[in-house]
Structure formats: C-alpha cells, structure tokens
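See below for the structure under consideration.
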Amino acid sequence: MKKSRIFALCFLVVCLFSTAAVFADEVKLTIWGRDIPDDSADHAYVRALINGFQAKNPDIKVDYIALGDPGLADKTKITMASGSGLPEIFQTWGGSVMGGYADAGMLLDLTNELKGIPGSDAARQAMTWKGKIYGVAPFFAVAGIFVNEGIFKANNLKVPTTIEEFDKVCDTLKAKGIQPFACGEKDKWPALALYMYLTNRYGGEASAKAAARQIPYDSDAFVKAAQLYQSWIKKGYFGSTPLGEGYGDAQQLMATGKAAMHITGSWMCAQYANSEFTDQTIGFYAFPAFKSGGVGSVTDIMGQTDIGFAATKVAASKKDAVVKFLKYAMSAEACEAEPGRICSVPGVKAKSKLTAQAAAVFGTAKTVTFWWDQDLPPSVTSPLNDMLQTFFLQGTDVKKSLSSFEALCVENIGPVKK
Amino acid sequence: MNVFKRKAVLRTEPAKRKKKDPGRKVFVFLCVLPAILFLAVFLYYPIEETFRLSTMKTTGLSNEVFVGTDNYEKLFRDEEFLAGLRHVFSWAFWSIIIQLPLSFFIAFSLTYYSNKLTKPLQAIFYLPNVLPSAITAMLGKFVFAPNYGLIVSLGKALGWKWLASIDFLGNPDLAFWSVFAVATWAYSGFYVIYLMSRIEQIPKDLREAAELDGASMWCYARKIVLPELNYPLRILAILCTVGSLKLFDLPNMMTMGGPGNATVTLGITLYRHGFINWNYGKAAAIGVVIFVLSLVFTILQFSLGRKEDETI
Amino acid sequence: MKIRKINPAGQREPPAERPIKRRATKIHYGMSEIVITIVLVILALVIIIPLVVPLLFSFKTQLEFAYHPWALPKAIRWTNFIEAWKAVRIDQGLLNTLVVCFGSIICTIPPAILAGYVFARYKSRVTEILFYAILIGYFVPVQMVLVPLYRMEVSLKMNDTLYGLFLPMAAFGIPFWTLIFRSFFKSIPREMAESASIDGAGHWRTFFSIMLPLARPATVLAIIQVFMGAWNDYLLSLILLSDQNKFTMQLRVASFLNSYGTDRMPRYAAAVIISALPTLILYLIGHRWIIKGMLSGAIKE
C-alpha cells in the first residue's frame, strides 16, 4: 500500500517535471507594440502578424503587449535606461530614437540576418544606425496631400500642380465656406509635414545640410518656407481655430467634408478610405513644387517608418525565434492583411485606391527625406515641433523663432562647420 | 457674545506638559517608524539620485558627465522653463483665490443648509474626484474644443456668434483658464469634502448659541467657522501650491503645454526634458527646483500664522 | 472597546442632547437658503453635465458622431461596448486591480495615521524634523523618480509583481495622508487626551481607544481616496508591470484608449464608460456610508 503511494507520488513528480521541461523548451517572445490587435481596420496588420505567427510557430510563445501611444515610448525609454526588463522585440519608428538605444548597447545587431530580406531601401535605411541593421520596417509612410475629390469637383478646382496655384484654390474654397487645410496644430507635430515640403521646395537639400551642420536653421530656405507658411495661416487657410484643433479633430474635418485638404502622412489612408470613418471621396497626391524659383522637385518625398520592429540585447539567446518573427513581419502573408499602409515588401498589392495612390507617389520618389522629428537627435525634436506651433501664433517673428531653434541646435548638435 | 467667550476659554486652557515619561519616546519612535521605513526604502534613494543627476549631463542612457551647476544655469535661460515657473505660480495663486473659496462656499452651504435638495448634492460634488485624469482631460476637451465643443455648439444653437467663435484651447490668453476651469471641476470635490468634514467637527452648540444670539449665516460663517477652519484651509493652500508645482496630467493631455508656452508647467518641462528630449540631467534639475520650491512654500505656509496653530 | 463619541470628560454622550439637535436642524426655509440651494443645484449640474457626455457618444457610429456630436443617437448600438469590453478583459484585470487597491490602502493608511497622530500631539524638535523627512516625499514629481525607482525594483527583484506596485504607491501616499491626519488630530481638543491620561491611560490606550475612533472621518476619506488613486493609477503601473497577467484594469483600458485616441470617439467613449463604471457603481452603492463616515466627526461638548 505504502509503496504504491510512493510510486504514485514519484510518478506525479516526474510528470510535473516533464511538463515543466516541455514548457522550458518553448521559447517565449515578449513583444511591445502600440496598437491592440482588435478588429479595427488600422490594427489589421498587427492582428494578422501576431495571430499568424503564433499559429505557424506553436513552439514559440508570443506575448504581445499593446501599450498605446505615450505608453510604448515611455516604458521603452525607462527600461532601456535601466537596462533590465527589456522585451525581446519592440515597436519603433527607427531613426535617432532607435539610434540612441543602439548607442547605449541595448539593441541586437542583426545585420547579417536581416540584410537579405527583400524590402524597400528607405525602409531598411530607417532601421539602420551607423551601418548596422537592428530591425525591420514592413511599412513606410510618405507625406502628401489628401484631397477631398468631391469638393474639388463641385467647385471646378484642380489639385494644385505648382505651389503658386494653392493661393487661388484656397481662396476659392474659403469663399465657399470650406476650410482649405485641416491641420490639428494643437498636437504640435502635424504642422511639420507641410513645413518640410516647403523648405525642400525652396532649398532642396536644406534640411539634410542643416542636420549635417553645413548650414544654419535660420538660413534662407527655412525662413522663406516659414514666411510662406505664416502667410497662409494669416489668410485663414487653416481655418479660424487651428491651434484649438487636435490631429483627431483635423481628421474629423476631413471626414465630414468641412476641410478640403490635409497634408500629412499616408498612414491616414486606411481611415480615409474606410466608409465607416468618412463618407467623402478622398484622394492622395504628391506635394507640388514651385513653378519658378524653387530648387526641390515633386519627386523629393518626405517619409518615415510606419510600423517597425527592432530586437533588444536580451534577444541574443533567442536569436532564431526573433529573426523568424522579424522575417514573418516582412512576409507577404502578414502584410497582405494591411488595408492602408504602404508596404515595403515587394509583391504586396495596395488594398484600396487611396493606398495605391500613395504607393504610386512613393514609387516616383527620387530622394526620400526622413521626417525631421525622427531623424534629428531627440534633444531638438520636441523644440522643433514647439517652434512650428509658434508660427500659428499672432505676431510671431518666424526668423527669430528659427534663430532660437538654431541656437539650440548649436548647443545640442554642434556649430555650423564653415 | 457668549459663544466667542466660551471658545476663547477652550483655546487658551493651559496645555500641561508631561514630566519624564519613558514610554513617550518609544511610542513616538514606533509610530513614526513604518512611515519612515516606506519612504526610506522607496523614495529617499530616488530623491538622492535626482539631486545627483541634476549635476550631470546625460541622456539617461549614455554615460554621466559631471557638469556642476550647468543644468541649473541653462534652466534659467530656458524660455519654456521660465514660462512654466510663471504658470505654476499663477496656477497656485488662482487655485487659492478661486478654488478654495468656492470649495468653502459649497462645503459651508451644504452643511449649513442641510435640506432635501442639498443632501444628495453632497455626493455629486465629490464625483469628478473618482475619475482618472485621462478621462477628465478628455471631458475637458469636449467642453472646450472648437467646431464641436459643448460651449461652441451651444453658441451655435443659440445663434450667439461671439460664443461660437471662441477658441478656448487655441487662444494663448484663454488656454490657461480653460485648463484651470477643468482642474477646478475635477479637484474641488476633494476640498469640499475635506472642508465639510472639518466643519462638522465644529461643536454643534456653537451654532445653536450663535443662532440664539441672532447671528446671521454670514456672521456665523465669518466669525466662527472660518477661524475654526484656519488650519485646514492652510493645509489646503499647501496642497494647492505643491499640486501646482507638480502639475502635469491635465495641461499635458489637454493642450500639451501649448499654444506656444501658454500652458506649460514645471511638470511638463520635466517630462519633456526627461522623456522626449533625452536630457535627463536637466529634467533632474527641474525636479530639484520643484522639490526645493515645495519645501520652501510649505515651511512658509506653516510658519505663517503659527501662533493660533500652536495653542491647539 | 469602541467608543464612538466622547465628550471632554471622557464619558459617554448623555442622551438628553438629542431633542436639541433635532430642533436645531429644523429651521424654516429662508430667502438665503432658497438662493443658496439654487446656486448649489446649478453648480451640481455643471459637475454632472460633462459626465453624461460619453454616454451620448458611445452609442453612435463614427460618422454619426462626426456630423452630429451633440444629437441623440439614432439607434442604440452596442458594438462599441462589445469591442471595448473584449479589449479591457475585466475578468483578468479586476482581481489585480483589487489586490493593488487593498494593498495600497493597508500600506498607506496605518503608517499615515500613526505618524500624523504623533506629529500632531508630540511636538518636539525631533518630531518636527521627522515630519519634514516624511513630508518631502510629497514634493517629488512622480515622473522624476521613475527611472531610479525602476532600477531599484529590479535590483530588489520586485518589478513585475503586484506588491512591487502597491508598496511604492504607499510610499507616495503616506506623506500626503500624514499631513491630512496630522491636521485632523490637531483639531481634536487636547483636553480629551489629557483627561484620558489622568484616568491612567498610556500612550497606546489613549491613541487606540480615544483618538483613533475620532479620526474616522479622515480615515474614511483616506480609504476612498487611496482606493480611487490606486484604481486609476496609470503611470506607475505602466512602468512597473510588464506581464500581461498582472496588468491592472486601468492599464488595459489605457492601452485600448491610446490605441484609438479621440479620433474614434464613440469607441473611446464606450471604453471610458466601461472603465469608469465599476468605480461609479461602488460609489453609488457606498456614497451614503462614505459621506456619513466622512462627516461623522462631530465632537460633542
């Protein structure tokens, strides 16, 4: 009697250990992302990625944690600063922020593993820092003009093909009581898309030169662009309350046909093509160049990573699983689910006409400039956006604003090299 | 007259000090120990770390380089920080001038006129206090937003153009007050309940006696309740001041400190330097400034009018 | 050994006081009472109206909201609630939230009461210094200490545990509540304690049998506030918890809200309602008791 009991006990212990061993065999990947994988159209890719990868790799346990917008950035920053509690993979927009983590030695160099994955150059470059690849960017967003086609048609307007034409178009729209541009400048960063384009159209490579400290930020192209921007604001092209509206409010203005144009990133394609979100017909166009007097051309495109994933140093022991995940993130299978973003993976077709338009704009790109607030060091990016907001305030001397931003850059990046 | 005399007697009765009492020290020690332990384990090290980092140049990730008082010197040349400092002081000033009297009015009226209508209201005034600040900020945005905000929509519905065209959050002169109004809505509930509980502590017979003497409500409020609440009101003034110095959630979520620097607070500059600009040393310096100012103002407020305080 | 209300002599309250009290509360309605009641009702409406707003939005479709934010919903649709409900997963978050709430109440309030009492009653140079040593905890902005706190928790192996969340929460709460309790105990007439000690009660007896019951209003207020604070906490939980099984409800709600943002208001509003509902229900059930508890401090003379 007693013996059998001991046997049973031993058996139980063995069983427990073996199940524990089975669990130990299972590789666990913790992934920090922004969006929850639910049924919403703009969360479709994340859902397909997580569910698809889990279904295909039952031996890897994926623990995907959605942290939301400031949450993802804050938590990543703090765990990186402490060097502990890191996830294996985190969602990132690449650029200087990812670079800061790489410099601190917190990321895993996957250059050899990832360089062979087919994808667009711009996307790969965004996830590269100092010659090393740390992750993948399955989607890339370009900035352009979202245009309410219905409004333009009803008013016999054509989408401007030169910057000079904007004045006429905007004046006509204003006379009809329609706000020409939606912006949402309460959130500070939305103004950047247009400003980047205007600077490029005036000064070509000005922003790259300024970032490399060859020219100052208060040089000609920047000032002229700011002055034109300010003159448009003064004419009321951004409505009467641009500073009170957030980015979400700007989307509502577009969705309900109260505004005719929205200059922003192509990540809005999913929403603007979604009949539940808007009942307007919206198109996407490249930002035009000056008819005369400008340097930049229509094929100079502003863009940035739309969704990207990078691996941290704790992934070193699980390299195979991590690479498998990153490769799956770049697979046509996962990317097919995305309705609105421009996919970096060759062979994945755009799901809507709007996305196709955006992808076509991306296809014409001769140069791609990364969004400044992704590319510049973090120490000057939020001051940059703060400065843009001051353009909207009455009585701002844009030259002065740019000069004080330049002073900040001298302090944080370095003086202009002669 | 009778009332005031009696109160005076109550106050000035000599407080006899204990002679040698060995249990006293043990009691004091054991009572303070748990609180000190909690702080020692969880807060003293971070506080020390804040002071140390405020003399360093670091992104939080990179190596720390000692820079002495450089971070502080830079702060006092920083537009945003100076704007934050100004706003924090005006925020504290106006909370003491507006929120506290309003709360006192509500608290006093609710306790003085306790009738069928006012009784259920007690619960309502405390209600916003149970909401997380993210939701408070969201509700605030819906009241003050342009185009579709509650007030603007009301203006449209009534045909008042002046009201419909106000940009509460985008106008630098109004943004501060819009955020302040939301804060008043959200935070006053606590002050009301706190003051109510303190008013209830006032002996009931003082009121009865006052009524027998024919004192009006205002007279009772001014001559009896207000002096009794001197100390609690000073506590609330401290809460307002320190709360303003640390203020972050509401202005950050409603306006991100904008437009321009119109609603920047020290809490926002600290967050921005630490988390977005990756200038951790400067953020620590702001933390120290908040800390030192809080300490100075608290000591000041405690020592103001200390005399009455001590007789209790 | 529970004495509710005590008069200065330390004896039970004589029952004869009752009729006087009743007479005092029954005053005829005067002009000023009517005016002030109306003002209070208006103020209460100002409080209530913004709270009803999400309810109005949550049943609408996105487009319906975009065009007519303030109109009544055309139909009652539950889709937004269902999606929000799925994402919030109340079944998983609720238990964690409750653990954090109760843990933080238990760790915050007793130390604060004890310390507050000593600082109110035992004034000396040493207690004065100790008082400020505790109070400085109230002066630190939370954002500042996140990194060192996280580092420390990692080295103590406390990160990613529920107690690793509510213990620092308590450390943040204790200074504030010490201040509040100190002010409460200060307002209790000194004669009460003195008469007790004349009766031979020691420090502990005086505290537990006389002072503690008198602090009930402040204690109830503290319980509610600490509970709500822990319930609504976002930043500390976000940083200190990583395992989804330990997520609190607020973390789930926040990640849902942040994934949508205000550009998808109906869904956002539905999530807001779901997240606020438990506290509101608790409050509605308990408010009588809460208010009564908070206002029961009348010291009879």
Quiz prompt | The lone exception for B:VAL182 - which of (1) within 14 Å of chain A (Cβ to nearest Cβ); (2) of a type in the set (A, V, I, L, M); (3) closer than 26 Å to C:VAL39 by Cβ it fails | solution = (1)
Self-check item: Only listed residue being touching a residue at least 40 places away in the same chain (Cβ under 8 Å), in a helix (DSSP H, G or I) and not polar (S, T, N, Q), chosen from A:GLY150, A:GLY99
Solution: A:GLY150
Exercise. Output the qualifying pairs, or none if there are none: Cβ atoms under 8 angstrom, residues six or more apart or on different chains, first residue in the stretch B:69-98 and part of a loop (DSSP other than H, G, I, E, B), second residue buried (at least 20 other Cβ atoms within 10 Å of the Cβ) and of a type in the set (Ser, Thr, Tyr).
Key: B:ASP78/B:THR269
Practice problem: Having 1 or more residues that are at pLDDT below 90 and hydroxyl-bearing (Ser, Thr, Tyr) is the bar; report the helices (runs of 4 or more DSSP H) wholly within the stretch B:250-312 that clear it. | Solution: B:280-303, B:306-311
Exercise. Collect the residues in the stretch C:147-176 that are out of contact with any Cys (no Cβ under 8 Å at 6 or more places or on another chain) and of a type in the set (Phe, Trp, Tyr), keeping them in residue-number order.
Key: C:TYR150, C:TYR163, C:PHE172, C:PHE176
Quiz item: Which of the residues spanning the stretch A:103-124 are surrounded by fewer than 17 Cβ atoms within 10 Å (Cβ to Cβ), part of a helix (DSSP H, G or I) and more than 14 Å from chain B (Cβ to nearest Cβ)?
Solution: A:THR111, A:ASN112, A:ASP121
Self-check item: Lone qualifier among A:GLY294, A:GLY283, A:GLY248, A:GLY257 - being among the small types (Gly, Ala, Ser), in contact (Cβ under 8 Å) with a residue 60 or more places away in the chain and in a helix (DSSP H, G or I)
Solution: A:GLY248
Quiz prompt | Criterion violated by A:ALA316 - all others in (1) in the same structural domain as A:LYS77 (by TED's automatic domain parsing); (2) among the aliphatic types (A, V, I, L, M); (3) part of a loop (DSSP other than H, G, I, E, B) satisfied | solution = (3)
Quiz prompt | Every residue from the stretch C:185-218 that is within 11 Å of another protein chain (Cβ to nearest Cβ), more than 20 Å from B:LEU30 (Cα to Cα) and in a helix (DSSP H, G or I) | solution = C:ARG190, C:GLU191, C:GLU194, C:ILE198, C:LEU214, C:ARG216, C:PRO217, C:ALA218
Self-check item: Residue in the stretch C:148-158 that is farther than 23 Å from B:LEU233 by Cα, among the acidic types (Asp, Glu) and surrounded by 21 or more Cβ atoms within 10 Å (Cβ to Cβ) present
Solution: yes
Quiz item: Which one of A:ALA175, A:ALA182 is in the same structural domain as A:LYS291 (by TED's automatic domain parsing) and in contact (Cβ under 8 Å) with a residue 12 or more places away in the chain?
Solution: A:ALA182
Practice problem: Residues being in a helix (DSSP H, G or I), in contact (Cβ under 8 Å) with a residue 24 or more places away in the chain and surrounded by fewer than 24 Cβ atoms within 10 Å (Cβ to Cβ): count how many of those fall in the stretch A:226-245. | Solution: 6
Quiz item: So how many residues does the stretch B:234-249 have that are more than 7 Å from every other protein chain (Cβ to nearest Cβ) and either assigned to a helix (DSSP H, G or I) or over 20 Å from C:ASP233 (Cβ atoms) (or both)?
Solution: 11
Practice problem: Would you confirm whether any residue within the stretch B:223-230 is in a helix (DSSP H, G or I), facing another protein chain (nearest Cβ under 9 Å) and under 30 Å from A:THR241 (Cα atoms)? | Solution: no
Self-check item: Test for B:SER114: is it assigned to a helix (DSSP H, G or I), farther than 25 Å from A:TYR247 by Cα and away from chain A (no Cβ under 14 Å)
Solution: no
Self-check item: Exclusive hit being of a type in the set (Lys, Arg) and in contact (Cβ under 8 Å) with a residue 60 or more places away in the chain, set B:LYS223, B:LYS161
Solution: B:LYS223
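The values are calculated or read from the model by the stated rules, or taken from the named source; none is laboratory data. Everything quoted here is computed from the prediction, not taken from an experiment. Reconstructed Cβ throughout: ideal geometry from the backbone, glycine too, with neighbour counts over all protein chains shown.
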